[in-house]
Amino acid sequence: MVVGKEKGHAEGALGGAPGRVAVVGGGIAGLASAYFLARGGARVTVLEASDAFGGLGGTFPYRDVHLERFYHCILPTDQELLALLDALGLTEELYWHGTSFAVHTGGRLYPMNHPRDVLGFRALSLLDRLRLGVTGLFARLSPPRGLDDITCEAWLGRLSGKRAFSLLWRPLLEAKFGDHYREVPALWFWTRFNRDKGAGGEVKGYVRGGYRRITETLVAALKRGGHVLRLQAPVKALDLDEGGRPRLRVAQGDWETFDRLVFTAPLPYLRGIAGDGRLAGVLAGLGEDVDMVGVLNAVFMLRRSLSPHYWIAATEAGSPFQGVVETTNLIDRGDIADAHLVYALRYLHRSDAWFAAADELVLDASFTGLQRLFPELEAGDVLARHVFRTPFVEPIYTLGYLSRRPPNELVPGRIYLATTTQVYPGVTSWNASVGLAGRVVAGLLGGARA
């Protein structure tokens, strides 16, 4: 597949062809933006600071395969990502499996996938269980109008009751946002719930070869089209030249000017590289009230399965992790070298001391936590283990976030944003990033040809 080989475009004129476009960041938002730009006739340069493309879809080697540092899956409702896979010729490589979710509380594991499971959730009274079931039904049937202006705590507490909120919803919200859970709008929950349950049952998909296969296919298509993709190319400075065009400097290199630029790296980096040049006024106040949460992952390759569930919420106080994801319940064993792949994950702010804890400390604590949930687990069951962490995963949403969401177009006709801070109310995912990239590039190409 060759993209972006159109000839004869005029370069640099605002209102003309897209010309030379820099894409800062080589994660899925950056690669998808580059792909869409190339199809639109731009000549693209992708600049990635690390030594590999893929961002949060990055991998590590294990035996003769590459495993993902952070767990991923595809849902039937992920229409933007599915459309991209189809364009890349990967649809036939996609497979689907039914999966399940469970909650560990009070020393017991409770499946939570069907109405009968809710009725069997004996950690709550019968009345609370009925209210919990009504909450799920209401979330599926009610419109999202006004939910950006009411907190999850208020909305879910009113629907499910204080006991159910304290036992179930609060730990799940704390698992994602920590002490900031009280500020998160109900729209976040509504969108997430309907993405996960929108197909009428829990079904998840995966591409053979993993998300690395998607990344490699995008990179190969861009290279065949003659576009430039650079690794270990951290952008150290970004500004506008006298004509208003974006210019940047990579590491110790010289300034390079482009016709347009799409910034897809975490938003906090943008303020750091813009300095006090011509962009300073444009960036004043941009995203200053938006903070982000990171994630700490202890990854275990095991000889045996822990449970039949894909995702287990660990809601009890003192747990070193908030969730256990056993991707073997989705991914074919051949894709993971016949091991059982388990992620013990914890979302937390980069300033949290645990985020910077020594790897062995995190691994030992996580393994002990797994043994508390699964007493039959033994040290001899561990084939390999690793720790991965990243500081910027998802914004910490607050009431009225929709009105403060960063714009797609930062400098009209010149600099565009496609970051995770903009996907709300969509759920932070590869699907949301691909959809955002498509909208941003459509705006860029439309402006270029207006």
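A few remarks follow.
- Dipole orientation for the chain: of the candidates 396, 133, 252, 133 has the Cα lying most toward the positive pole (charges on Cβ; Lys, Arg +1; Asp, Glu -1).
- Helix 359-373 axis, angle to the chain major axis (alpha carbon atoms, nearest 10°): 40
- The packing ranking of peptides 204-213, 314-323, highest mean first, is 204-213, 314-323, where packing means the average number of other beta carbon atoms within 10 angstrom of each residue.
- The C-alpha atoms of the chain define a longest principal axis, and helix 126-141 lies at about 20 degrees to it.
- Cα-based shape type of segment 114-197, given that a ≥ b ≥ c are square roots of the gyration tensor eigenvalues and the cut on a/c is 1.5: oblate
- Sites matching trypsin sites (Lys or Arg not before Pro) across segment 89-198 that sit in DSSP coil, with at most 11 neighbouring C-beta atoms within 10 Å: 122, 145
- Counting every alpha-carbon pair across segment 24-98, the share separated by more than 20 Å comes to 45%.
- Only lysine pairs 8 or more places apart, or on different chains, with alpha-carbon atoms under 29 angstrom apart are counted in the chain, and they number 7.
- The alpha carbon gyration tensor of segment 316-357 gives principal lengths a ≥ b ≥ c with a/c of 1.5 or higher and a/b greater than b/c, which makes the shape prolate.
- Think of it as helices only: each DSSP H run of n ≥ 4 in the chain is worth -39500 (n - 2.57), and spread over all residues that comes to -9000 deg cm²/dmol at 222 nm.
- Length released on extending from residue 372 to residue 179, taking residue separation times 0.36 nm less the Cα-Cα span: 67.0 nm
- Projection of the Cα convex hull of segment 57-143, averaged over all directions and equal to a quarter of that hull's surface, yields 9.4 nm².
- Fraction of the pair-distance distribution of the chain above 31 Å, Cα-Cα pairs, percent: 44
None of the figures in this text is laboratory data; all of them are computed from the coordinates on show. These numbers were taken from a predicted model, which means no experiment stands behind them. Here the Cβ is made from the backbone with ideal geometry for all residues, glycine too, and neighbour counts use every protein chain on show.
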